[in-house]
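The values are calculated or read from the model by the stated rules, or taken from the named source; none is laboratory data. Every value quoted in this text rests on a predicted model; they were computed, and no experiment measured them. Here the Cβ is made from the backbone with ideal geometry for all residues, glycine too, and neighbour counts use every protein chain on show.
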Amino acid sequence: MFYELIYTRCRQGMDITKKGQQISSDGYKVYSCTPAIMEEGKVDLQFLANAAQAKQSFTDPDFMDDAYLYYVPDTGAAFLVNFFPVPFDANAQGDYSRRPGNFLNHALIGDFSNFYPYELFKDESVWSAKTKGEAYYYENLPSALPERNDISDPPGQYGFDEIGSFIKDGREEAFKKAVSFLILQYKEEPEKRKYIVIKDDSSKNIELWIAAIECAFSPKIASVIPFASRMEKFTNVNKYTVKLGLFQTQIIFRTQTINNGFAQ
């Protein structure tokens, strides 16, 4: 069972941290979600809301790759966000704000322990929100998103053979060190853990690094390892501050700040 959330520039939307209170004004906000996420204890709503509004780097039209960010909160369900840069079309028609730089974040919330999160990369049957077009989110009133029961065995963009060939192409030692490093971090207290920054020459290679590292573990273990295939200003934003297990927007007394993720 999975739930969904869509965040983008739109006319009508909601505030999930205020029980779905409606917002009627042009601009960025949660367009719609599965109502169940707002039930007590389902997910850390403030953390989800904060992650949903994050904009990653892109340059229209030269660099418009999707990004994937996987979060594992202390409290509630994990969630995977597909960041989609919306291409600007100067000739587009419709009653909406036609400005460059728009983006859409589509979040999938639930239990990822039965398959590897990387298997959802580039799966258009899952990340369908980006296919509707920019005008859709201005011209259509939002409706509740249904629960997803159709995501159990995703085909995966990258097969084991391709992942194995990628690592064998001169990356074996770096791969072993990365896996070993992660294992060591999970022996540390959360506030002392460090993260890995991976640099490569394409988004595809970063995705293959994530896939390979996940495959070093069982799906159940991999489901508790957060990652980001791209994260803007990660040295500042890649921190997870909690109080009594819930996300805090500011570092306050008696909180833990946890480095969240392993790939950039």
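Points worth noting:
- Count of region 12-34 residues, restricted to those that are touching a Gly at 6+ places or on another chain (Cβ under 7 Å) and in contact (Cβ under 8 Å) with a residue 40 or more places away in the chain, is 2.
Listed here are the residues, each with its yes/no results for (1) crowded, with 19+ Cβ neighbours inside 10 Å; (2) under 23 Å from Ala49 (Cα atoms).
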{"site": "Ala92", "(1), (2)": "no, no"}
{"site": "Leu108", "(1), (2)": "yes, yes"}
{"site": "Leu120", "(1), (2)": "yes, yes"}
{"site": "Val126", "(1), (2)": "yes, yes"}
{"site": "Gly133", "(1), (2)": "no, yes"}
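- All conditions but one from (1) farther than 24 Å from Ile23 by Cβ; (2) free of Cβ contacts under 8 Å to residues at least 40 places away in the same chain; (3) of a type outside the set (A, V, I, L, M, F, W, C); (4) surrounded by 18 or more Cβ atoms within 10 Å (Cβ to Cβ) apply to Ser165; the one that does not is (4).
- Single residue of region 66-100 satisfying the filter (free of Cβ contacts under 8 Å to residues at least 60 places away in the same chain and among the acidic types (Asp, Glu)) that is nearest to Arg11 (Cα to Cα): Asp95
- Any chance Tyr137 is in contact (Cβ under 8 Å) with a residue 24 or more places away in the chain, under 23 Å from Leu69 (Cα atoms) and within 17 Å of the chain's Cα centre (by Cα): no
- Single residue of Lys204, Lys199 found to be surrounded by fewer than 12 Cβ atoms within 10 Å (Cβ to Cβ) and within 20 Å of the chain's Cα centre (by Cα): Lys199
- Subset of region 205-230 [under 17 Å from Ser57 (Cα atoms) and touching a Gly at 6+ places or on another chain (Cβ under 7 Å)]: Phe227, Ala228
- Hey, Val126 β-branched (Val, Ile, Thr), in a loop (DSSP other than H, G, I, E, B) and either over 14 Å from Ile6 (Cα atoms) or free of Cβ contacts under 8 Å to residues at least 60 places away in the same chain (or both) or not: yes
- Pair list, Cβ < 7 Å and 6+ apart or interchain, from region 37-58 residues that are free of Cβ contacts under 8 Å to residues at least 24 places away in the same chain and outside any loop (DSSP other than H, G, I, E, B) to residues that are loosely packed, with under 14 Cβ neighbours inside 10 Å and among the basic types (Lys, Arg): Met38/Lys19
- Region 59-87 - residue that is under 15 Å from the mean Cα position of the chain (by Cα) and part of a loop (DSSP other than H, G, I, E, B) and, of those, nearest to Ile109 (Cα to Cα): Ala77
- With respect to the stated conditions, Ser229 is of a type outside the set (Asp, Glu), at pLDDT 95 or above and under 21 Å from Phe112 (Cβ atoms).
- Residue check, Ala107 of a type in the set (A, V, I, L, M, F, W, C), modelled with pLDDT of 95 or more and out of contact with any Cys (no Cβ under 9 Å at 6 or more places or on another chain): no
- Given (1) surrounded by 14 or more Cβ atoms within 10 Å (Cβ to Cβ); (2) more than 17 Å from Thr8 (Cβ to Cβ); (3) out of contact with any helix residue (DSSP H, G or I) (no Cβ under 6 Å at 6 or more places or on another chain), index of the condition Phe63 fails: (1)
- Filtering region 97-123 to residues that are closer than 21 Å to Ser25 by Cβ and either in contact with a helix residue (DSSP H, G or I) (Cβ under 6 Å, 6 or more places away or on another chain) or not in a loop (DSSP other than H, G, I, E, B) (or both) leaves Phe103, Leu104, Asn105.
- Number of the exception - Val30 against (1) among the aliphatic types (A, V, I, L, M); (2) surrounded by 15 or more Cβ atoms within 10 Å (Cβ to Cβ); (3) outside any strand (DSSP E or B): (3)
- Against the test of being over 30 Å from Leu246 (Cα atoms), surrounded by fewer than 21 Cβ atoms within 10 Å (Cβ to Cβ) and modelled with pLDDT of 95 or more, the options Leu145, Leu141 yield a single qualifying residue, Leu141.
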